[in-house]
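Enquirer: Here it is: the structure, laid out below.
Laboratory data are not the source of any read-out in this text; all were calculated from the coordinates shown. The shown structure was predicted, so the numbers you read here are calculated from the model rather than taken from an experiment. Reconstructed Cβ throughout: ideal geometry from the backbone, glycine too, with neighbour counts over all protein chains shown.
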Amino acid sequence: MVKPLTTMLVVRLEASVYIMQCLLPNHHHTTSEHKLSSIHISSNSDISLITMVDAPMPSTMRKWKYSSVEGGIEKNLKLASEPLPRPKADQHLVQVLAVGLNPVDIKPAEAFIGRFAVKKPATPGFDFAGRIVTPATGSKLKAGDLVYGAANANPLAGGALAEYIAAPAATVCPIPDGVSPLDAAGVPVAAITAYSSLIPYIKSGSRVFLNGGSGGVGTYGIQIAKAVGAHVTVSCSGRNAELCRSLGADEVLDYTKRPLLAQLKDAVTAAGRPFDHVGDYVFSDPDLYYKAHTYTTSSAKFVEVASGPNLPFIRFALGANIVPGVLGGGRRKLVIFVADVKSENLEPVSKLMAEGKVKTITDQVFSFENVAEAVKRLKTGRAAGKVIVDVAGKGQQ
Ligand SMILES: NC(=O)c1ccc[n+]([C@@H]2O[C@H](COP(=O)([O-])OP(=O)(O)OC[C@H]3O[C@@H](n4cnc5c(N)ncnc54)[C@H](OP(=O)(O)O)[C@@H]3O)[C@@H](O)[C@H]2O)c1
C-alpha cells in the first residue's frame, strides 16, 4: 500500500493519461435503461434505507463542475445538469448518497502544476458512499447494495460530487454492517492512509507518535493504532485535545503551547523510552523528521503522509532522500506515502469498522447544494474529523 516518491510522479503522469481519456467523447443513455431491480433493506436499520423496486431512473442528474481555480475552487463551482453516466463493463452505475472531502480534492488542482494537470471542467470529490443501480459485469454486488470507495482509480480525477457516477468495481466495497453512508463516505482515502501509515510498522505495545491527531487521517489513525494495542501520542491544538483523548490517545501534545520537538523529547524522558514509529499527517516542521533521531528508536520509520505539489515539500522530499545523515540529512528511514484506494485496501478498514473499533468522526455535514461551503471548511485546515456532503439528502440516509 505504500508507494515511493517515484510512484507519486507516476500518479501525476497517470493523471495526464486520464485527462487524455476524458477528452474522448462520452456516450450517454436515457431514462429507463437502468432500473433498480430488487428491494434492498440495509442492516443499517433505518427504515428510510429501503430502496424501492423499479423506480424510474431520471434521465438527467446534477453534477458540480469547475472550469477555473482563480480565487479558489469554491468560487468557481457550478451545478450542471447532464445525462447519467454510462458505465463500462468494469464499472458500477452508482447513485451517490454522500461524499467525503479530502485535501486531494482541492490542493493539487489549485497548485501551480495542477492548473495544467487537471482537465477542466472538473468535478471534485473522490470518496463516496452510494447505492448500486447497475453492477459491473461479473460482480458479486447487486443492484441496491450499499457501497463505498473511490469514484475513480486516479485520485486527481475526482468526479464524486454528482448524483450518479460510474465507479470502477476495483475501487468499491460493500458498506460494513451498522455503518451509515454518511460515515462510510468519510473513510476511503483518510482511513486507508492512516491504516497504511501504521499497520506495517507497529504492534501491540509500540510507542507511536502521530503529528496531527484531530484531522481526517489523524482521527482514524488514533483508533487504528489503539486497535492493535499501541501506545499513542498525538499533536493537535488544545481545542481538539479532548476529541483525541476520546478516541483513545494516551498523550496529547498541544503544538500551540510549546515547540513540538521539545515536548517530544520531554515525553521520551518521562516514559524512559523513545518512540517506535512516527506518522506525520501535517508536515508542519521538516525538523520533526531531521531530528527524529532525538526522540525515536534507531529502527523507527517516519511515514510522511502530508505530501503536496508545492516547493517546500518537493525540496524536503528530495533533500531527505539525497543528503546523508552525517551531512545533516535525516537519520531515520523516511517513507513518503501515497494512498491507493482499491477494494482490497478498504477491506481491512471495513473489518475494523464492523467490529466497532473504528468509526468516522464528522466535523460537519453539508447539503449537496452547499458544496462550496464544504470546500471552504476543508480549506481552513481546522476540520476536526471529516467534512461530508450529504448528496442525496437526509431523507435517503
Ligand atoms: N499521501 C496521501 O495519500 C494522503 C492521503 C490523505 C491525506 N493526505 C494529506 O495528509 C494531510 C492530512 O489530511 P487530512 O485529511 O487529515 O486533513 P484535514 O482533515 O484537513 O486536517 C485538519 C486537521 O489538521 C490539524 N492541524 C493543522 N495544523 C496542525 C499542526 N501544526 N499540528 C497538528 N495538527 C494540525 C488540525 O487540528 P488543529 O485545528 O487542532 O490544529 C485539523 O484537525 C493533508 O496534507 C493531506 O493532503 C495525504
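Enquirer: Which cross-chain or sequence-distant (5 or more) residues have an amide H under 5 Å from the amide H of ILE361, H modelled 1.01 Å from N in plane?
Expert: Under 5 Å from the amide H of ILE361: LYS386.
Enquirer: Considering the Cα positions of the chain, please state its Rg to one decimal place and its Dmax as a whole number of Å.
Expert: 21.2, 69
Enquirer: Going out from 0 in 10 Å bins, what whole percent of all Cα-Cα distances in segment 275-397 drops into each bin?
Expert: Spelled out bin by bin, segment 275-397 gives 11, 28, 32, 21, 8, 1, 0 percent.
Enquirer: Can you run phi through the Karplus equation (6.51, -1.76, 1.60; θ = phi - 60°) for segment 140-148 and list ³J(HN,Hα) in whole Hz, with x for Gly and Pro?
Expert: So the Karplus estimates, Gly and Pro as x, are 7, 6, 10, 4, x, 5, 8, 9, 8 Hz.
Enquirer: Also, quick follow-up: How do LEU243, LEU161 line up, fewest other C-beta atoms within 10 Å first?
Expert: LEU243, LEU161
Enquirer: Right, another one. Taking θ = phi - 60°, what integer Hz values does the Karplus form 6.51 cos²θ - 1.76 cosθ + 1.60 yield along segment 240-254, in sequence order, with x for Gly and Pro?
Expert: So the J values, rounded to whole Hz, are 9, 4, 5, 4, 4, 5, 5, 8, x, 4, 7, 9, 10, 9, 7.
Enquirer: Using 0.36 nm times the number of residues separating ILE113 and ALA80, minus their current alpha carbon distance, what extension gain do you get?
Expert: Value of the extension gain: 9.3 nm.
Enquirer: Sticking with this one: Once you list every other residue whose beta carbon is under 15 Å from the beta carbon of SER343, what net charge do they have if Lys and Arg are +1 and Asp and Glu are -1?
Expert: Local charge sum for SER343: -3.
Enquirer: Residues in segment 304-321 near a label at ALA271, defined as backbone nitrogen under 18 Å from the 7 Å Cα→Cβ point?
Expert: The answer is 304.
Enquirer: Dipole of the chain, Cα-centred, from +1 at each Lys and Arg C-beta and -1 at each Asp and Glu C-beta, to the nearest 20 debye?
Expert: Using Cβ point charges on Lys, Arg, Asp and Glu, the chain gives about 760 debye.
Enquirer: Quick check on segment 184-269: take the gyration tensor over C-alpha atoms, sort the square-rooted eigenvalues as a ≥ b ≥ c, and tell me if it's rounded (a/c under 1.5), prolate or oblate.
Expert: Cα axes put segment 184-269 in the oblate bin.
Enquirer: Given the options GLY328, GLY229, GLY158, which has the most mean-square fluctuation in a GNM of the chain, springs set between C-alpha atoms less than 10 angstrom apart?
Expert: Of GLY328, GLY229, GLY158, the Gaussian network model singles out GLY328 as fluctuating most.
Enquirer: Counting DSSP beta bridges in the chain, what percent are antiparallel, to the nearest 5?
Expert: Taking every DSSP beta bridge with both residues in the chain, the antiparallel ones total about 55 percent.
Enquirer: Also, I was wondering about something else. Scaled to the compact-protein estimate 2.2 N^0.38 Å, what is the alpha-carbon radius of gyration of segment 190-336, rounded to two decimal places?
Expert: In units of the globular-protein estimate, segment 190-336 measures up at 0.96.
Enquirer: Amide H of LEU97 versus every other amide H placed in the peptide plane: which residues, excluding those fewer than 5 positions away on the same chain, fall under 5 Å?
Expert: ALA129, GLY130, ARG131
Enquirer: While we're looking at this one, here's another question. Given charges of +1 on the Cβ of Lys and Arg and -1 on the Cβ of Asp and Glu, with all other atoms neutral, how large is the dipole of segment 268-397 about its Cα centre, in debye to the nearest 20?
Expert: 280 debye
Enquirer: Can you tell me which of ASP287, ASP363, ASP105 moves the most in a GNM of the chain? Springs connect C-alpha atoms under 10 Å apart.
Expert: Per the Cα network of the chain with a 10 Å cutoff, ASP287 tops the list.
Enquirer: Ok, one more. Most fluctuating residue of HIS92, HIS293, HIS277 in a GNM of the chain with Cα springs under 10 Å: which is it?
Expert: Taking springs between Cα atoms under 10 Å, the residue moving most is HIS293.
Enquirer: Relative to the longest principal axis of the chain, what angle (0 to 90°, nearest 10) does the C-alpha long axis of helix 343-354 take?
Expert: 80 degrees
Enquirer: Per 10 Å bin from zero, what fraction in whole % of the C-alpha pairs of segment 126-196 is there, up to the bin with the longest pair?
Expert: The distribution over segment 126-196 is 21, 56, 22, 1, given as percents.
Enquirer: For Cα pairs less than 8 Å apart in space and 6+ apart in sequence, what is the mean separation divided by the residue count of the chain, i.e. the relative contact order in percent?
Expert: Value for the chain: 18 percent.
Enquirer: Just want to confirm a number: the relative contact order over segment 190-336, from Cα pairs under 8 angstrom separated by 6+ residues, in percent.
Expert: 21 percent
Enquirer: Return the loop-located chymotrypsin sites (Phe, Trp or Tyr not before Pro) in segment 97-183 (DSSP other than H, G, I, E, B) with at most 14 other Cβ atoms within 10 Å of their own Cβ; answer none if there are none.
Expert: Answer by residue number: PHE112.
Enquirer: If R₀ is 51 angstrom, what is the calculated FRET efficiency for the pair ARG258 and THR60, using the beta carbon separation as r and rounding to 0.05?
Expert: 0.35
Enquirer: While we're here: Under 1.5 on a/c is rounded, so check that first for segment 334-374, then, if it is not, pick prolate when a/b is larger than b/c and oblate when it is not; a ≥ b ≥ c are the square roots of the alpha carbon gyration tensor eigenvalues.
Expert: Oblate shape, in that a/c is at least 1.5 and b/c is the bigger or equal ratio.
Enquirer: Let me ask something additional. For ASP90, project a label point 7 Å along Cα to C-beta. Then give me every residue of segment 343-376 with its amide nitrogen under 18 Å of that point.
Expert: 343-346
Enquirer: Something else about it: Round to the nearest 0.05 the FRET efficiency obtained for LEU311 and ARG239 when R0 = 35 Å and r is the Cβ-Cβ distance.
Expert: Once rounded, the FRET efficiency stands at 0.70.
Enquirer: If we count other beta carbons within 10 Å of each Cβ, what is the order of MET57, MET353, fewest first?
Expert: MET57, MET353
Enquirer: Further, regarding this structure: Based only on other Cβ atoms within 10 Å, what is the fewest-to-most ordering of ILE361, ILE175?
Expert: Ordered from fewest to most neighbouring Cβ atoms within 10 Å, ILE361, ILE175 come out as ILE361, ILE175.
Enquirer: Another question, if that's okay. Give the residue from HIS293, VAL305, GLY178 lying farthest towards the positive end of the charge dipole for the chain; charges sit on Cβ (+1 for Lys and Arg, -1 for Asp and Glu) and the dipole is referred to the Cα centre.
Expert: HIS293
Enquirer: Okay, next question. Which ³J(HN,Hα) values, rounded to whole Hz and listed in residue order, are derived for segment 111-120 from phi using the Karplus coefficients 6.51, -1.76 and 1.60 in 6.51 cos²θ - 1.76 cosθ + 1.60 with θ = phi - 60°, glycine and proline given as x?
Expert: My calculation for segment 111-120 gives 6, 3, 5, x, 4, 9, 7, 9, 5, 10 Hz in order.
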